[in-house]
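Visitor: I have a structure I would like to understand better, so I am pasting it below and will then ask my questions one at a time.
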Amino acid sequence: MKHLIVEKKNGIEVITFHRPEALNALNSQVLTELGEAVEDAAADPGVRVLVFTGEGKSFISGADIHEMDAKTGLEIIDYSRKGAALFRRIETMPKPTIAAVNGYAFGGGFEFVLCTDIRIAHEKASFRFPEVSLGIVPGFNGTQRLPKCVGMARAKELMFTGRRIFAEEACGMGIVNRVVPAEQFWDAVMDTAEQIADQSASAISLAKAAMAAGEDVSVDVGKDIELGYMTACFGTPDQLEGFASFKEKRKAVFRRD
Ligand code: CO8
């Protein structure tokens, strides 16, 4: 891969955006490579959690403005749909994802963060929707996800002003789970990834599916969705091991194949 560095170790796959000449902007090639890496991780039973981060001072600086500049309206529709479908795939994939936001998360980079399950911000991370300064709107479904994340009034303020916010403010709005000082950043990311990798992968995947299926429904509908997923856990190797470990007063050792 040219623009991604993929490393797998102990059930954790780290995907690093590596396009230093454009501060990790997403062009078509990055999106294609990202799609391949995500499908590979989804199919690899050895991968239990995915971590996304960026090289240098940027997480993702947005969609590639130079590439978009040359496109017609119809080509932009293809480009937007390609990115949006990939982001949706990442949001709903059966494996947990962590965004380790090391720096700029602008435009499409901010939209990418909103597709991940857990977001850990470096103290210098910053977030911005600069689209209004370019005369466009977010195109990887940020208009749909940001209001759900921060509420409509805050989402409108961020999108209408294009104001850049820093990690602490993003944390206060619920965009990221926590902010970590520079020197502890990577350890905190890996510590969270390791805690997740130690748990039952099947239970995590079913919990994630239950939350996604119940996101836009009433609690009365959602309770039956949860019932289905909870029932599906019983009899799985992980449920048998988890219950056995409790009775035997030992730590559960879940399948890693
Ligand atoms: N696209 C392409 N190139 C970029 C991008 C980008 N998004 N961001 C930075 N670069 C390039 C710069 O052009 C520059 O290249 P060069 O040296 O060849 O001129 C290089 O990266 C370094 O950038 P700077 O010199 O500007 O670095 P600074 O540290 O001074 O500034 C910033 C960093 C603040 C991040 C600045 O680069 C910036 O504002 N970048 C643009 C950010 C932006 O507007 N992002 C949103 C893009 S629009 C978007 O994401 C919409 C998503 C959905 C589209 C779906 C299809 C319709």
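The values are calculated or read from the model by the stated rules, or taken from the named source; none is laboratory data. These numbers come from a predicted model, not from an experiment. Counting neighbours? That spans all protein chains shown, and the Cβs are built from the backbone with ideal geometry, glycine included. Areas reflect the complete protein model, heavy atoms only, side chains present, ligands, DNA and RNA absent. Shrake-Rupley method; radii C 1.70, N 1.55, O 1.52, S 1.80 Å.
Visitor: Return the single residue from I204, I90, I77 with maximal mean-square fluctuation; model: Gaussian network over the chain, springs between Cα atoms under 10 Å.
Guide: Fluctuation is largest for I77.
Visitor: With Cβ to Cβ distances under 10 Å as the rule, what net charge do the other residues near C171 carry (K, R +1; D, E -1)?
Guide: Neighbour charge sum, excluding C171 itself: 0.
Visitor: Hey, another quick one. Please express the Cα-Cα pair-distance distribution P(r) of region 26-79 as a list of whole percents, one per 10 Å bin, running from 0 to the bin with the greatest distance.
Guide: Per 10 Å bin, starting at 0, the Cα pair percentages come out as 19, 40, 29, 11, 1.
Visitor: Roughly what % of Cα-Cα distances in the chain sit above 30 Å, to the whole percent?
Guide: Roughly 30 percent, rounded to a whole number.
Visitor: Roughly how many Å² is the accessible area per residue of the chain, as a whole number, for a 1.4 Å probe?
Guide: Ligands and nucleic acids excluded, the figure is 51 Å² per residue.
Visitor: Here's a follow-up. If the chain between F234 and D187 were fully stretched, how many nm would it gain, using 0.36 nm times the residue separation less the Cα-Cα distance?
Guide: Full-extension gain reported as 13.5 nm.
Visitor: If you don't mind, another one. If you count only protein heavy atoms and use a 1.4 Å probe, how large is the accessible surface of M159, to the nearest 10 Å²?
Guide: The value for M159 is about 30 Å².
Visitor: Per 0.36 nm of contour for each residue apart, how much would the distance between T72 and E168 grow if the chain were fully extended, relative to their Cα-Cα spacing?
Guide: Extra length available between T72 and E168 comes to 30.7 nm.
Visitor: So, one more: To make sure I understand the rule: partners must be aspartates and glutamates, Cα under 15 Å from the Cα of K148, and not fewer than 8 residues away in the same chain. Which ones qualify?
Guide: Cα-Cα hits under 15 Å: E91, E111, D117, E157, E215, D216.
Visitor: Starting from the eigenvalues of the Cα gyration tensor, five times each then square-rooted, give me the equivalent ellipsoid semi-axes of region 77-159, largest first, whole Å.
Guide: 19, 17, 12
Visitor: What's the magnitude of the charge dipole for the chain around its Cα centre, counting Lys and Arg as +1 and Asp and Glu as -1 at the beta-carbon? Answer in Debye, nearest 20.
Guide: 360 debye
Visitor: Put a dot 7 Å past each Cα toward the Cβ at A42 and E248; how far apart are the dots in nm?
Guide: Rounded to a tenth, the inter-label distance reads 3.5 nm.
Visitor: May I ask you to derive the FRET efficiency for R178 and K148 from their Cβ-Cβ distance with R0 = 25 Å, giving the value to the nearest 0.05?
Guide: So, using R0 = 25 Å, E works out to roughly 0.80.
Visitor: Also, I was wondering about something else. Leaving ligands and nucleic acids out of the surface, order I165, I118 by accessible area at 1.4 Å, largest first.
Guide: Per-residue accessible area, sorted high to low, gives I118, I165.
Visitor: Further question: Taking all protein chains as present, what is the carbon and sulfur share of the accessible area of region 85-147, in % to the nearest whole number, probe 1.4 Å?
Guide: About 54 percent, which is the carbon plus sulfur part of the accessible surface.
Visitor: Please report, in debye to the nearest 20, how large the charge dipole of region 12-83 is about its Cα centre when each Lys and Arg carries +1 at its beta carbon and each Asp and Glu carries -1 there.
Guide: Once rounded to the nearest 20, the dipole reads 240 debye.
Visitor: Would you calculate the volume per residue, in Å³, of the smallest convex hull containing every Cα atom of region 115-239?
Guide: Given the Cα convex hull of region 115-239, per-residue volume reads 119 Å³.
Visitor: Which helices, taking whole DSSP H runs in the chain, have alpha carbons extending 27 angstrom or more along the helix axis plus mean Kyte-Doolittle at least -0.5?
Guide: 73-92
Visitor: Would you mind checking region 161-199 for residues with the amide N under 12 Å from a putative spin-label position 7 Å along Cα→C-beta of S133?
Guide: From region 161-199, the list is 161-165.
Visitor: Net charge within 10 Å of G108 by Cβ-Cβ distance, Lys/Arg positive one each and Asp/Glu negative one each, not counting G108 itself?
Guide: Spelling it out: positives minus negatives among the neighbours equals -3.
Visitor: Moving on. In whole percent, and with a 1.4 Å probe on the protein chains, what portion of the accessible area of region 150-230 is carbon and sulfur?
Guide: That share works out to 58 percent.
Visitor: A follow-up question, please. For region 1-59, what is the convex hull volume of its Cα atoms per residue in Å³?
Guide: Cα-based convex hull of region 1-59, divided per residue, equals 67 Å³.
Visitor: Please state the equivalent ellipsoid semi-axes for region 199-247: what are the square roots of 5 times the Cα gyration tensor eigenvalues, largest first, in whole Å?
Guide: Whole-Å semi-axes of the equivalent ellipsoid: 24, 10, 7.
Visitor: Then there's this: Would you calculate, for the chain, the mean residue ellipticity at 222 nm contributed by helices, counting each DSSP H stretch of 4 or more residues as -39,500 (n - 2.57) and dividing by all residues, to the nearest 500?
Guide: -15000 deg cm²/dmol
Visitor: Tally Lys and Arg at +1 and Asp and Glu at -1 over the other residues with C-beta under 11 Å from the C-beta of D117: what net charge comes out?
Guide: With Lys, Arg at +1 and Asp, Glu at -1, the net is +2.
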